[in-house]
Amino acid sequence: MSDTLILGIESSCDETAAAVVKNGREILSNEISSQIDIHTLYGGVVPEIASRKHIERIDRVIEAALQKTGVTLRDLDAIAVTYGPGLVGALLVGVAEAKAISFGSGIPLIGVHHIEGHICANYLADSELTPPFGCLVVSGGHTHLVSVKDYGEYEVLGRTQDDAAGEAFDKVARAIGLGYPGGPKIDQAAKEGDPSAIAFPRGRVDGSEYDFSFSGLKSAVLNYLNHAEMKGEEISVPDVAASFQEAVVDVLVTHAMHAAEEYRFTKFALAGGVAANSALRNRMEKACAKRGLTFYCPPPILCTDNAAMIAAAGYYEFLQGRFADASLNAVPNLPLGSR
């Protein structure tokens, strides 16, 4: 059987990315053009600026991904592109580019769900991983607890009902003066702090044991900062960062392990941008080891948005013969599991 080469394109937020992946498991190239420096000036991602930068960069990023591998369009078996969820303007840039290349070259087009891409990043990190397994997807815009039943077949067990974990990291980081991006800055500051210094609440959702809520935690941190300021008390940024991070990680790990026990998973994976957080990775690894679960987590470069994960997800869509046509469009609130 000949090798299958997929070109992946990702532009759902503020990374313009393209990659070539072989047989859904081997990364031949993975080019990422980040806009972090630009959006740091504004304290967060500005959608209109993100869209404009994608337009400026996407051709060059795709060319670089192909040139690095010596692959031409004629060698590709399909083009996989993120079509949701994400920022609608940013998504449209990637979708339009993929459709244009597909139309001009005759290469089959595949639409990929962004969260599915994050899950599939684990296949790139460990070639032995196969479904079924449980997966906790934690990123700036999404917090999902998922049962991966098979390739391309998912059951969402729980999701955030308000702020995603990554969103809470960004907002708290801004409040304590660390700036953007919040995730890595809180992770670093927390290493110098005491995670038990401040008793922040652990959010729960009534009637739904696997759903998440981080809005109350975010408000609790802001209230703590306001009260301390009004009383003239000194605020320890490392202690606030560590205590906040501990509250988030505690909820994420508790929910994940509860699901692992109820659904009798033998394997559990972590995915998404917040999966790069050192405290979350360590706690998940220890929790899985304690229960005899095999733990999987991609390296940090595959946790943040990238196109290799989109190409990997596209490979399994390719095997199922699930292709898109010229009607493919950006869907900013695309639910996981939709076709």
So what is the calculated 222 nm ellipticity per residue for the chain, using -39500 (n - 2.57) for each DSSP H run with n of 4 or more, over all residues, to the nearest 500 deg cm²/dmol? -14000 deg cm²/dmol
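Give me the percent relative contact order of the stretch 84-189, please, defined on Cα pairs under 8 angstrom at least 6 residues apart.
On the way: 119 pairs, mean separation 15.1, N = 106.
The value is 14 percent.
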Report the one residue of Phe295, Val253, Asn277 whose Cα lies farthest in the direction of the positive end of the charge dipole of the stretch 219-339 (charges on C-beta: Lys and Arg +1, Asp and Glu -1; origin at the Cα centre). Phe295
In cubic angstrom per residue, the convex hull of the stretch 178-278 built on its Cα atoms measures 113
In square nanometres, what is one fourth of the surface area of the convex hull spanned by the alpha carbons of the stretch 132-300? 9.6
Note on the chain: contact order normalised by length, alpha-carbon pairs under 8 Å, 6 or more apart, percent, works out to 25
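Where in the stretch 177-259 are there trypsin sites (Lys or Arg not before Pro) that are in a DSSP coil and have at most 15 other Cβ atoms within 10 angstrom of their Cβ?
Numbers: sites: Lys185, Lys191, Arg202, Arg204, Lys218, Lys231; in loops: Lys191, Arg202, Arg204.
Answer by residue number: Lys191, Arg202, Arg204.
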On a 0 to 90° scale, report how tilted helix 237-262 is relative to the longest principal axis of the chain, with both axes built from alpha carbons and the result rounded to the nearest 10. 60
Can you compute the charge dipole magnitude of the stretch 1-140 about its Cα centre, using +1 on each Lys and Arg Cβ and -1 on each Asp and Glu Cβ, nothing else charged? Give it in debye, rounded to the nearest 20. 220
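Which value in Å is the Kirkwood Rh of the stretch 1-144 over different Cα pairs? Intermediate values should be presented prior to the final figure.
Values: mean 1/r = 0.0633 Å⁻¹.
This gives a value of 15.8 Å.
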Along the stretch 107-122, Karplus-curve 3J(HN,Hα) (6.51, -1.76, 1.60; θ = phi - 60°) to the nearest Hz, with x for Gly and Pro, reads 6, x, 10, 10, x, 10, 6, 4, 5, 4, x, 4, 4, 5, 4, 5
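Classify the stretch 114-199 from the C-alpha gyration tensor, please: rounded if a/c falls under 1.5, else prolate or oblate depending on whether a/b exceeds b/c. The partial results should precede the final answer.
Details: a/c = 2.46, a/b = 2.06, b/c = 1.19.
Note, shape of the stretch 114-199 comes out prolate.
What's the magnitude of the charge dipole for the stretch 132-300 around its Cα centre, counting Lys and Arg as +1 and Asp and Glu as -1 at the beta-carbon? Answer in Debye, nearest 20. Please list the in-between numbers first.
Working: 17 positive and 22 negative charges, 79 e Å.
The calculated dipole for the stretch 132-300 is roughly 380 debye.
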To test your reading of the geometry: what angle, between 0 and 90 degrees and rounded to tens, separates the Cα axis of helix 308-319 from the longest principal axis of the chain? 50
Would you mind checking the tilt of helix 278-290 against the longest principal axis of the Cα atoms of the chain, expressed as 0 to 90 degrees and rounded to 10? 90
For the stretch 206-339, what are Rg and Dmax over the alpha carbons, in angstrom? 19.5, 64
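Over the stretch 132-300, what relative contact order in percent results from Cα pairs under 8 Å that are six or more residues apart?
Numbers: 323 pairs, mean separation 44.0, N = 169.
This gives 26 percent for the stretch 132-300.
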Modelled FRET efficiency - R0 56 Å, His227 with Arg74, Cβ distances, 0.05 increments: 0.30
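Counting other Cβ atoms within 10 Å, keep those with at most 16, restrict to DSSP loop, and tell me which GluC sites (Glu not before Pro) in the stretch 166-269 are left. Intermediate values should be presented prior to the final figure.
Details: sites: Glu167, Glu192, Glu209, Glu229, Glu233, Glu234, Glu246, Glu261, Glu262; in loops: Glu192, Glu209, Glu233, Glu234.
Loop-located and lightly packed - Glu192, Glu209, Glu233, Glu234.
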What whole number of Å gives the distance from the Cα centroid of the stretch 226-297 to the Cα centroid of the stretch 63-80? 38
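Per residue, how big is the convex hull around the C-alpha atoms of the stretch 1-70? Give it to me in cubic angstrom, could you? Before the final figure, lay out each step's value.
Details: hull volume 5.9 nm³, N = 70.
For the stretch 1-70, the hull spanned by Cα atoms encloses 84 Å³ per residue.
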Using the Karplus equation 6.51 cos²θ - 1.76 cosθ + 1.60 (θ = phi - 60°), what ³J(HN,Hα) coupling, rounded to whole Hz, does each residue of the stretch 267-272 give in order, writing x for Gly and Pro? 10, 9, 10, 10, 7, x
At Arg322 and Ala100, where each label point lies 7 Å from the Cα along Cα→Cβ, what is the point-to-point distance in nanometres? 2.8
Quick check: pseudo-label points 7 Å beyond the Cα along Cα→Cβ at Lys149 and Phe295, how many nm apart are they? 2.9
Taking the chain as the region of interest, what is the percent of Cα-Cα pairs per 20 angstrom bin, listed from the shortest bin to the one with the maximum distance? 32, 56, 12, 0
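Read the figures in this text as sums done on the coordinates, not as results from a lab. None of these values were measured; they are calculated from a predicted model. Reconstructed Cβ throughout: ideal geometry from the backbone, glycine too, with neighbour counts over all protein chains shown.
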